[in-house]
1. Which condition number does residue 71 fail, the rest of (1) closer than 20 Å to residue 95 by Cβ; (2) buried (at least 24 other Cβ atoms within 10 Å of the Cβ); (3) not β-branched (Val, Ile, Thr) being met?
2. I'm trying to understand the selection: among the residues of the stretch 98-111, which are buried (at least 18 other Cβ atoms within 10 Å of the Cβ) and either aliphatic (A, V, I, L, M) or within 21 Å of residue 26 (Cα to Cα) (or both)?
3. Out of 83, 95, 44, 58, which single residue is within 24 Å of residue 231 (Cβ to Cβ) and either open to solvent by less than 10 Å² (accessible area, probe 1.4 Å) or free of Cβ contacts under 8 Å to residues at least 12 places away in the same chain (or both)?
4. For residue 179, all conditions in the list (1) within 25 Å of residue 63 (Cβ to Cβ); (2) open to solvent by 40 Å² or more (accessible area, probe 1.4 Å) hold save one; what is the number of the exception?
5. Any residue at all in the stretch 247-259 that is surrounded by fewer than 19 Cβ atoms within 10 Å (Cβ to Cβ) and either under 17 Å from residue 224 (Cβ atoms) or at pLDDT below 95 (or both)?
Amino acid sequence: MTPPSDPAPHGAPAPGDGSPQPGRGRLLAVSDLHAAVSDNRPIVESLRPTSDADWLIVAGDVAERPEDIRWALGLLAERFAHVIWTPGNHELWTVSKDPVQLRGQARYDHLVELCRELGVTTPEDPFPLWPGPDGPVAIAPLFLLYDYTFRAPGTHTKEESLAVAHESGIVCNDEYLLHPDPHPTREDWCRARVAETGRRLAEHDPQIPLVLAGHWPLVREPTSVMWYPEFAQWCGTELTADWHRRFNVAAVVYGHLHIPRTTWYDGVRFEEVSIGYPREWRERGHPRGLLRQILPYEGEPAPPEQTGAGPSAQPRTTGGTS
């Protein structure tokens, strides 16, 4: 298959011969590569920097099996000056045909070691400093999961919310494939991750701005445009709702929803940077390019009303398998 035509996948003209050029780099981001899907593989192969100093954030859902994750991240690590990865739910799945049958924390630890072998930064490493034109910016890869607090409309408990999802048939595969071992539940794992990550962010020098990069959105608002609101319960936690205000945040990067767009909350820019599945990108194309430029930011300033998606929103996602 020929990958979709994106003559300027990073939002700027590419060099004439397609090779990286010397000069000041940019901070780019992508997520939800789903590299094990045959039609997505050429897209991964097409991702290239336009400067030998470009950095790349990969915000989760590279693939399910470590061999595919190694292939994709290894390819990107060879091309970009620095690659930062954080897991999505798909990396944490333990599928029956995977030779690596590790579960939960052990699986995550295995992926962290895989990334370190490739020279890729993980949520377990010190925050790298991107050398921006206005001074350094710290990139904080976040691994946070979810705790079912983005509940289905009209429900008040996890049990009620899950029951609505099962009744409607909109149930994330995490319920069967993402194991929290040794934590009792996925929400327990989420709370432990939020507590540890929050501690690290609080210890960070507040004079150095942060780009918070995770797979799940930090606030619930981005899920409001999903076709199936029941799916929101697998999309984040209310525990992070104030992080973009609490810390010195230049931008927030996330994926998971398969709704690539830019939104603003409390004057902070949120970038959903997913590629998604072929059935999705064939319909919408890649109007924002394959790689999103996070910094330096060259887009429109924050709108007067900073609480909604605005005109940049894309068609609603169907959810169900993200």
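1. Going through the list (1) closer than 20 Å to residue 95 by Cβ; (2) buried (at least 24 other Cβ atoms within 10 Å of the Cβ); (3) not β-branched (Val, Ile, Thr), residue 71 breaks only (2).
2. Listed by number, the list holds a single entry, 111.
3. Result of the check over 83, 95, 44, 58: 58.
4. Unmet condition: (2).
5. No.
Rundown of residues vs (1) open to solvent by 10 Å² or more (accessible area, probe 1.4 Å); (2) within 18 Å of the chain's Cα centre (by Cα); (3) at pLDDT 95 or above, yes/no style:
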{"position": "189", "(1), (2), (3)": "no, no, yes"}
{"position": "194", "(1), (2), (3)": "yes, yes, yes"}
{"position": "203", "(1), (2), (3)": "yes, no, yes"}
{"position": "215", "(1), (2), (3)": "no, yes, yes"}
{"position": "222", "(1), (2), (3)": "no, yes, yes"}
{"position": "227", "(1), (2), (3)": "yes, no, no"}
{"position": "230", "(1), (2), (3)": "yes, no, no"}
{"position": "276", "(1), (2), (3)": "no, yes, yes"}
{"position": "279", "(1), (2), (3)": "yes, no, no"}
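The values are calculated or read from the model by the stated rules, or taken from the named source; none is laboratory data. In this text the structure is predicted, and so the values were computed from the model without any measurement. Every residue, glycine among them, receives a Cβ derived from its backbone with ideal geometry; neighbour counts consider all protein chains shown. Just the protein is used for accessible areas: all its heavy atoms, side chains included, with ligands, DNA and RNA removed. Shrake-Rupley method; radii C 1.70, N 1.55, O 1.52, S 1.80 Å.
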